[in-house]
């Protein structure tokens, strides 16, 4: 590369990293937390003995898993205004990503709950706990340990998926790279730099996931 290209890489690194810190990571964290709340509700609905409730949860999961995230994002940002509901770019991205996480994580949480031995439910009943109390105090803490690895993978995937938010004008890591590339006309160079930053973020998250899994593994029965 020429000296000017190296200089461009160096000067563009700050804005791109800033886009990650102020856009990508907060967007991913907010969407993931909201998505987990949705997922827990949907997972419990899937386990409900009421067919209407269980069926509605199945339909939701099917729609989320059966349609592209990009389409979901566009429906919320570009589609809803035609119905009179105009949502700003940032909230639109959070809603789309949270709903998407909710659809995928719901099955992870449901499977984790089902992995807890039935005897745990019986133990809760024996000491006078209601079904809700048993779920909250006994079942969910054990299920949480089992669900950490797949949910961590979901979060890492979400961090990369936030790049789609640039298509609805959310200023995050990739949009910063796009803006600089348009100005400098060095598209390949800037896109590769953005990819490198995404990769480094995911490496850090993967390392944290491995540490967390090892610590929690001591409390999971084998």
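The values are calculated or read from the model by the stated rules, or taken from the named source; none is laboratory data. Everything numeric in this text was worked out from a predicted model, so none of it was measured. For neighbour counting, all protein chains shown are included, and Cβ atoms are generated from backbone atoms with ideal geometry for every residue, glycine included.
Among the residues of segment 152-173, those identified as more than 23 Å from residue 91 (Cβ to Cβ) and touching a helix residue (DSSP H, G or I) at 6+ places or on another chain (Cβ under 6 Å) are 152, 156. Scanning segment 126-142 for residues that are more than 17 Å from residue 114 (Cα to Cα) and in a helix (DSSP H, G or I) turns up just one, 126. Of the helices (runs of 4 or more DSSP H) that lie entirely inside segment 1-87, those containing 3 or more residues that are closer than 29 Å to residue 112 by Cα span 25-46, 51-66, 69-74.
Is one or more of the residues making up segment 141-151 within 18 Å of the chain's Cα centre (by Cα), buried (at least 18 other Cβ atoms within 10 Å of the Cβ) and either closer than 30 Å to residue 15 by Cβ or free of Cβ contacts under 8 Å to residues at least 60 places away in the same chain (or both)? Yes: segment 141-151 contains one or more residues that are within 18 Å of the chain's Cα centre (by Cα), buried (at least 18 other Cβ atoms within 10 Å of the Cβ) and either closer than 30 Å to residue 15 by Cβ or free of Cβ contacts under 8 Å to residues at least 60 places away in the same chain (or both). Of the residues 75, 101, 71, the single one that is out of contact with any helix residue (DSSP H, G or I) (no Cβ under 9 Å at 6 or more places or on another chain) and modelled with pLDDT of 95 or more is 71. One residue alone among 169, 196 is more than 13 Å from residue 8 (Cα to Cα), out of contact with any strand residue (DSSP E or B) (no Cβ under 8 Å at 6 or more places or on another chain), at pLDDT 95 or above and surrounded by fewer than 20 Cβ atoms within 10 Å (Cβ to Cβ), and that residue is 196.
Residues in segment 166-213 that are in a loop (DSSP other than H, G, I, E, B) and under 20 Å from the mean Cα position of the chain (by Cα): 169, 170, 171, 172. All of (1) in contact with a helix residue (DSSP H, G or I) (Cβ under 8 Å, 6 or more places away or on another chain); (2) within 27 Å of residue 23 (Cβ to Cβ); (3) at pLDDT below 95 hold for residue 121 with one exception: (2).
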